Each structure stands twice: as structure tokens, then as C-alpha cells.
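Shown next, in C-alpha cells, is the structure this report addresses.
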Amino acid sequence: MSEAVIAGADPEGLGEALAAEGFAVTRAAGTATRDDLVEADIETADLLVLTDAGLATAIPLARELNADIRIVAYTADSLPEFVGGQEVVAMDPALLGPEAVAEELA
């Protein structure tokens, strides 16, 4: 089973859509600090979904803890420049619904 960690609020319900596709979904609490990510099992996760561009510091932290993790930014907001060199797939919830995104990620 694939594992996904969600950082940020999830008003579109991507977590539920990922669970429906067979992912085990955990959530990084608070501001997705290193400790929050570790507690959410980022080290063994296959996927990090960031739903709040304000939590972008979680991206390099996740990559440091798990070099093979796929990272998806599911937000209408732009990511800050400091994550520009990271491999991040950005998707706008206004353009792609949670079910379509979950299906593509599965």
C-alpha cells in the first residue's frame, strides 16, 4: 500500500480521494515542521501533498528525510522561489478535482 502525508488544510478532500485510491493517508500536524513530518511517517511515505504554499519549508525537510518522496503542491497559490530547484508537481484545485489528482497519483 502506498503512503501519503498531507501538510495543510484539505478543503477539497484530496486525502479522502487518495484513501479511495488505496493510499494510507496521514496528516502532518501544525506547520509541518521536521518533528511534525517525522510524526506523520514522512520517512516511509511515497508522497507528500502540500495544500498550503505557506508551508513550503516542508518540501526541503521532506526531501532531506526521504530522498525518494514524490511531492505535489495542490494549491492555487504559487510556491516560493526557494523551492524552485526541488522536484515538485504543482496542481491548481480550480483546474483539477481531487478525484482526478488521486487517480493520477495512484
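The values are calculated or read from the model by the stated rules, or taken from the named source; none is laboratory data. Keep in mind that this is a model prediction, so the values were computed, not measured. Positions of Cβ are backbone-derived with ideal geometry, glycine not excepted, and every protein chain shown enters the neighbour counts.
Some observations on this one:
- Checking each residue in region 11-39 for being charged (D, E, K, R) and outside any loop (DSSP other than H, G, I, E, B) picks out E16, R27, R34, D35, D36, E39.
- Any pair with Cβ under 7 angstrom, 6 or more apart, that starts in region 64-75 at a residue that is without any contact (Cβ under 8 Å) to a residue 40 or more places away in the chain and part of a strand (DSSP E or B) and ends at one that is small (G, A, S) and surrounded by fewer than 20 Cβ atoms within 10 Å (Cβ to Cβ): A73/A53; A73/A90
- Residue in region 85-98 that is more than 21 Å from A19 (Cα to Cα), touching a residue at least 24 places away in the same chain (Cβ under 8 Å) and surrounded by fewer than 16 Cβ atoms within 10 Å (Cβ to Cβ) present: yes
- Filter result for F82 (modelled with pLDDT of 95 or more and of a type in the set (A, V, I, L, M, F, W, C)): no
- Checking each residue in region 1-52 for being among the β-branched types (V, I, T), buried (at least 20 other Cβ atoms within 10 Å of the Cβ) and either modelled with pLDDT under 95 or over 19 Å from L79 (Cα atoms) (or both) picks out V25, I42.
- One residue alone among L14, L55 is in contact (Cβ under 8 Å) with a residue 60 or more places away in the chain and under 13 Å from the mean Cα position of the chain (by Cα), and that residue is L14.
- Single residue of A9, A19 found to be hydrophobic (A, V, I, L, M, F, W, C) and without any contact (Cβ under 8 Å) to a residue 24 or more places away in the chain: A19
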